[in-house]
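Below is one structure, written out as structure tokens; the observations come after it.
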Amino acid sequence: MIKKIVMLVVVLCTSSLLSGCSLAGTPKWDYPVTYDMQVAVPRHYDAWVQQLQFEATGKRAWWWPVGITSCCWKSPGRGGGELEPMPDYIHVTWYSLAEQQSYTRLIHIPDPDALRERMEQPAPVQRNGKTINMPRDTLVLGLAPGGTVVLWIMNWAETAIEVGRYQAVPFDDDVRYEGALEAYMEREGDYLKQHGLQLDRW
């Protein structure tokens with residue numbers, strides 16, 4: 001009977017990427033847990049994030065400036081800031097410098113409270129020879145060539161859990177990126193010629 005119950009819990013926990021599930025419930029941390037969002041891109045595939053907008057329906061709508069983002073895929077990333085409250089919609093628009101192509105995507109988080117609870121679950125990391133329990137307090141938005149968008153929750157890269165994967169829509173953009181594009185190609189042009197976009201890696 002106990003085995004059947006455990007198996008049922010495992011099935012329920014893995015049935016939805018953006019839902020929370022815990023055998024022991026949400027732990028009580030010794031400090032207030034704040035939630036951040038960062039943006040990450042694969043190494044060598046910089047992006048100019050034009051818009052990063054959030055909405056917590058009925059509570060608040062806001063946006064963050066991000067700009068150029070470089071390195072690294074599936075890591076805590078850069079830019080962004082504190083998420084309060086947890087949004088149920090995220091809208092991102094970016095320009096892929098490697099492709100010279102703009103993309104946009106509206107992401108719906110159906111249960112922000114469940115996602116927050118999942119981020120609060122202990123995620124052990126090894127630091128200075130010790131195991132430290134920390135919440136996965138960072139929501140990372142990964143942007144890759146071809147318009148791939150991935151959401152992870154993590155504290156450090158080794159604790160990353162993918163909680164959503166989406167396909168952005170390409171569109172023509174009137175904004176000019178000549179200066180950023182020239183600097184990018186000076187840094188990464190040889191790499192792109194040798195390796196291309198590697199779309200199957202994301």
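Quick note: the coordinates plus some simple rules give every number you see, no bench work behind them. Predicted model, so just to flag it, every value in this text is computed and none were measured. Glycine gets a Cβ as well: all are built from the backbone with ideal geometry, and neighbour counts include every protein chain shown.
Short-range pairs are left out: with C-alpha atoms under 8 Å and at least six residues apart, the relative contact order of the chain is 21 percent.
Qualifying GluC sites (Glu not before Pro) in region 98-146, where qualification requires a DSSP coil assignment and no more than 14 other C-beta atoms within 10 Å, are lacking entirely. In terms of its Cα atoms, the chain spans 62, 44, 33 Å along the principal axes, sorted from long to short.
Counting only DSSP beta bridges whose two residues both lie in region 34-188, roughly 90 percent are antiparallel. Comparing VAL125, PRO170, THR34 along the charge dipole axis of the chain, the residue lying farthest to the positive side is VAL125, per the Cβ-charge model.
Maximal additional length on extending the ALA61-TYR89 stretch stands at 9.1 nm, based on 0.36 nm per residue less the C-alpha distance.
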